[in-house]
Amino acid sequence: MREEEQTGEALLLPHQQRGNLLVVSGPSGVGKDTIIEKVLTQTPGVVRSISATTRPPREGERDGQDYFFLSLQQFEEAVKAGKFLEYARYGSHYYGTPKEPVEKQLQQGLDVVLKIEVQGAFQVKQIVPTAILVFIAPPSLHELKRRLIQRGTESEERIKERLRIAREELAVLPRYDYCVINDLVETACEGLRAIILAERLRIRNA
Ligand code: 5GP
């Protein structure tokens, strides 16, 4: 076999192997769910990880679909048993990514999206250095506040807390690999989709 052919074959191999792990963070109310759901329906081969949380379900949220809703005791037991890829406290509740399903999906060659806050994102990057960190930012904090109020799922006090966390989250944006600004949903979806597609073409020199 000629040398160029051998090289070409070696280049193709990474594309047939494991999927990419994508971490998507961004302040509460920025529109992460809408963007992720739209991109998932437009992009075959991408799945979303379902997190566990001690937060009570919001109206319309379903166990096993939006989250696995656990008691604090169940969550602590899962932590002890090493069931989470990462976990963090956000506000007054815990959130964690179940390890096993993510690993299985990556092995199947699927790209897996974790919609998690920033502490968890950095834990993932440490454990999986090839993870791609995407930050979804609002056009402004003023606009974020408006969206949180409009969503109407949080009390005034909780909105204040989420805005305080949002300021802290925006401060660590430079540690992310990509930033997508959610001004127009369609444009933000195009941005996230472009990242997923480009990352599939990345040549990884292991
Ligand atoms: P919410 O209560 O609005 O559903 O989520 C609050 C925050 O927790 C969001 O920033 C969300 O992305 C984050 N979150 C959801 N699941 C996880 C998880 O498994 N791990 C971590 N670290 N954060 C999560």
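The values are calculated or read from the model by the stated rules, or taken from the named source; none is laboratory data. Quick caveat, the model's predicted, so the values are computed rather than measured. Quick reminder, even Gly has a Cβ in these numbers, built from the backbone with ideal geometry, and neighbours come from all protein chains shown.
The table below lists the values:
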quantity	calculated
Flag if Arg200 is charged (D, E, K, R), exposed (fewer than 14 other Cβ atoms within 10 Å of the Cβ), closer than 28 Å to Gly109 by Cβ and touching a residue at least 60 places away in the same chain (Cβ under 8 Å)	no
Filter pass, Phe75 being in contact (Cβ under 8 Å) with a residue 24 or more places away in the chain, more than 20 Å from Lys125 (Cβ to Cβ) and outside any loop (DSSP other than H, G, I, E, B)	no
Residue that is nearest to the ligand (Cβ to nearest atom) [pool: residues in region 72-92 that are at pLDDT below 95 and small (Gly, Ala, Ser)]	Gly91
Close pairs from region 10-37: first surrounded by fewer than 22 Cβ atoms within 10 Å (Cβ to Cβ), partner charged (D, E, K, R) and modelled with pLDDT under 85, Cβ under 6 Å, at least 6 apart	Pro14/Arg204
For Thr187: the one exception among (1) modelled with pLDDT under 95; (2) at negative phi; (3) not hydrophobic (A, V, I, L, M, F, W, C)	(1)
Some residue of region 51-71 being surrounded by 13 or more Cβ atoms within 10 Å (Cβ to Cβ) and more than 12 Å from the ligand (Cβ to nearest atom)	no
Flag if Lys38 is at pLDDT 95 or above, within 21 Å of Gln108 (Cβ to Cβ) and not polar (S, T, N, Q)	no
Test for Leu133: is it in contact with an Asp or Glu (Cβ under 7 Å, 6 or more places away or on another chain) and in a strand (DSSP E or B)	yes
Residue list for region 148-180, filter: out of contact with any helix residue (DSSP H, G or I) (no Cβ under 7 Å at 6 or more places or on another chain), hydrophobic (A, V, I, L, M, F, W, C) and in contact (Cβ under 8 Å) with a residue 12 or more places away in the chain	Ile165, Leu170, Leu173
Residue selected from region 103-124 under the condition within 23 Å of Leu201 (Cβ to Cβ), in a helix (DSSP H, G or I) and more than 12 Å from the chain's Cα centre (by Cα), by the criterion farthest from the ligand (Cβ to nearest atom)	Gln107
Selection count where residues are in a helix (DSSP H, G or I), under 27 Å from Arg146 (Cα atoms) and within 16 Å of the chain's Cα centre (by Cα), scope region 168-206	9
Per-region count, region 131-188, residues exposed (fewer than 13 other Cβ atoms within 10 Å of the Cβ) and touching a Leu at 6+ places or on another chain (Cβ under 9 Å)	2
